[in-house]
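*Asks:* First, the structure itself, so that you have it in front of you.
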Amino acid sequence: MTPYDPMDPADERDPADEREPAGRHDAPDARASAAYDWMVPSPRECVGWDVDVLYGPWPRHHRDIGLAEVRSILKGSPVSGALALSTRGPLYDDGAGNAETIRDLADCPELRPVGTVDLRDAPTAEERLDELAAAGVRFLRLFTVDQAAEPGFPGYRRIVELALERGLVLLHDGDPRRFGPPLTGRGAQVVFLDLHAYLLADFLLLARDEPGFRVTTRMLSGPDSIERVVESVGARHLVFGSRTPFMDISPQTLKLRYADISEEDRAAIATTNVEELLA
């Protein structure tokens, strides 16, 4: 039967004939409910530490997202804690940005500060790294893409050397196939933030001999990407990262929830691997 058209003068049917039977929506369809179980939060989505969180202005995005809003986003998610950084550091002034991050997060128990340096100004890096060490900062984020740094640049090599001497954990953007090899054999603790599922096989080759190499779950969008890492090199090589507030958290937590891995491995990815780095 064609639906009643009130704008068609030739259609003389009573619009009441088109009404749904009484009680049709009184009870949810069991099949529909089962199909949308993912909408109900699960303990498998609980994340202790998100390693990829920013706050502040970012020119490519339509608005600035301040610390208060980022904290509100995290509070409404399954993520309990995060490693966070003010964007002032990578975009404008590394010294002022680091000071801002440390000051802002002093009253945020769920957030741990991440520092940065300007890869285009290696002569100032030693002072910046000493400031971070004095403040107890354990993580250094390198913005090689935005600062146009290459693995063979003298400034990049010098900053990495200084950071590793101080025992800092590197949160590293860029292609791990290019930046990974220069970091091998050095005992480096590195979290690669931008590993795409298409590049996973090369990372697995690197990780076989580098226990300190880790990647975030953010871009591992293949149907079995997380499982491949766990089966090939172990869950210790994975940590949770969302790039809040520039990406939605829920697809990331759902990947972790539905990964076909043990609960022990899930807990390692979500929490304990980062806790080892914080210790």
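The values are calculated or read from the model by the stated rules, or taken from the named source; none is laboratory data. As the structure is a computational prediction, the values presented were derived from the model and not from experiment. No Cβ is skipped: glycine too gets one built from the backbone with ideal geometry, and neighbour counts run over all protein chains shown. All accessible areas refer to the heavy atoms of the entire protein, side chains included, with ligands and DNA or RNA removed. Shrake-Rupley method; radii C 1.70, N 1.55, O 1.52, S 1.80 Å.
*Asks:* Taking 7 Å along the Cα-to-C-beta vector as the label spot, tell me the Val40-Ser221 distance in nanometres, rounded to one decimal.
*Replies:* 2.9 nm
*Asks:* Continuing with this model, one more query. Using amide H atoms built in the peptide plane, which far-off residues or other-chain residues are under 5 Å from Thr244 H to H?
*Replies:* Excluding prolines and chain starts, which carry no amide H, the hits are Leu54.
*Asks:* Could you point to the residue in Pro151, Val215, His196 farthest towards the positive end of the chain's charge dipole, with +1 and -1 charges on the Cβ of Lys/Arg and Asp/Glu respectively?
*Replies:* Comparing the listed Cα positions along the dipole, Pro151 ranks first.
*Asks:* Between region 232-279 and region 119-163, how many Å separate their Cα centres?
*Replies:* 26 Å
*Asks:* Could you list the residues of region 218-248 with an amide nitrogen less than 16 Å from a label point located 7 Å from the Cα of Val145 in the Cα-to-C-beta direction?
*Replies:* 218-221, 241-248
*Asks:* How far apart, in nm, are the 7 Å Cα→Cβ label points at Ser250 and His62?
*Replies:* Those two pseudo-labels are separated by 1.8 nm.
*Asks:* Which order do the peptides 138-145, 237-244, 117-124 come out in when sorted by mean C-beta neighbours inside 10 angstrom, highest first?
*Replies:* Most protected by this proxy first, the peptides run 237-244, 138-145, 117-124.
*Asks:* While we're looking at this one, here's another question. What shape does the chain take by its C-alpha gyration tensor, where a ≥ b ≥ c are the square roots of the eigenvalues and a/c under 1.5 counts as rounded, a/b above b/c as prolate, and the rest as oblate?
*Replies:* Judged from the Cα gyration tensor, the chain comes out prolate (a/c at least 1.5, a/b above b/c).
*Asks:* From the phi of every residue in region 221-233, what ³J(HN,Hα) in whole Hz does the Karplus formula 6.51 cos²θ - 1.76 cosθ + 1.60 yield, where θ is phi - 60° and glycine or proline is x?
*Replies:* 9, x, x, 9, 4, 5, 4, 4, 5, 4, 6, 7, 10
*Asks:* Next question, about the same structure. For region 64-214, what class follows from the C-alpha gyration tensor (a ≥ b ≥ c being the square roots of its eigenvalues): rounded when a/c is under 1.5, otherwise prolate if a/b is larger than b/c, else oblate?
*Replies:* oblate
*Asks:* With r as the distance between the Cβ atoms of Asp175 and Ser80 and R0 = 35 Å, compute the FRET efficiency 1/(1 + (r/R0)^6) and round to 0.05.
*Replies:* E(calc), rounded to 0.05, equals 0.70.
*Asks:* Here is a further query. Using a basic spin-label model with each label point 7 Å from the Cα along Cα→Cβ, how many nm lie between Tyr92 and Glu276?
*Replies:* Each label point lies 7 Å from its Cα, and together they span 3.8 nm.
*Asks:* Next question, about the same structure. How would you order 203-209, 168-174 from highest to lowest mean count of nearby Cβ atoms within 10 Å?
*Replies:* Descending mean neighbour count gives 168-174, 203-209.
*Asks:* Then there's this: For region 41-52, just list the computed ³J(HN,Hα) in residue order, Karplus coefficients 6.51, -1.76 and 1.60, θ = phi - 60°, integers in Hz, with x standing in for Gly and Pro.
*Replies:* For region 41-52, the Karplus-derived couplings read x, 10, x, 5, 8, 5, 10, x, 9, 9, 8, 10 Hz, x marking Gly and Pro.
*Asks:* Rounded to the nearest 500, what is the chain's calculated 222 nm mean residue ellipticity when only DSSP H runs of at least 4 contribute -39500 (n - 2.57) each, over all residues?
*Replies:* -9000 deg cm²/dmol
*Asks:* Using each residue's phi in region 193-205, evaluate 6.51 cos²θ - 1.76 cosθ + 1.60 at θ = phi - 60° and report the 3J(HN,Hα) Karplus result to the nearest Hz, with x for Gly and Pro.
*Replies:* Those phi angles translate into 8, 10, 6, 7, 4, 5, 9, 4, 4, 5, 5, 4, 5 Hz.
*Asks:* Then there's this: Work from the charge dipole of region 82-230 (Cβ charges, +1 for Lys and Arg, -1 for Asp and Glu, about the Cα centre) and give the residue of Leu142, Leu183, Ala163 farthest towards its positive end.
*Replies:* Value computed over the given set: Leu183.
*Asks:* So, one more: For a test of the definition: using alpha carbon positions, the gyration tensor, and the 1.5 limit on a/c, classify region 185-279 as rounded, prolate or oblate.
*Replies:* Rounded.
*Asks:* What whole-number value in Å² describes the accessible area per residue of the chain for a 1.4 Å probe?
*Replies:* Counting only protein heavy atoms, the per-residue value for the chain is 51 Å².
*Asks:* I've got another one for you. Restricting to the chain, compute how many DSSP beta bridges are antiparallel as a %, nearest 5.
*Replies:* About 5 percent, rounded to the nearest 5.
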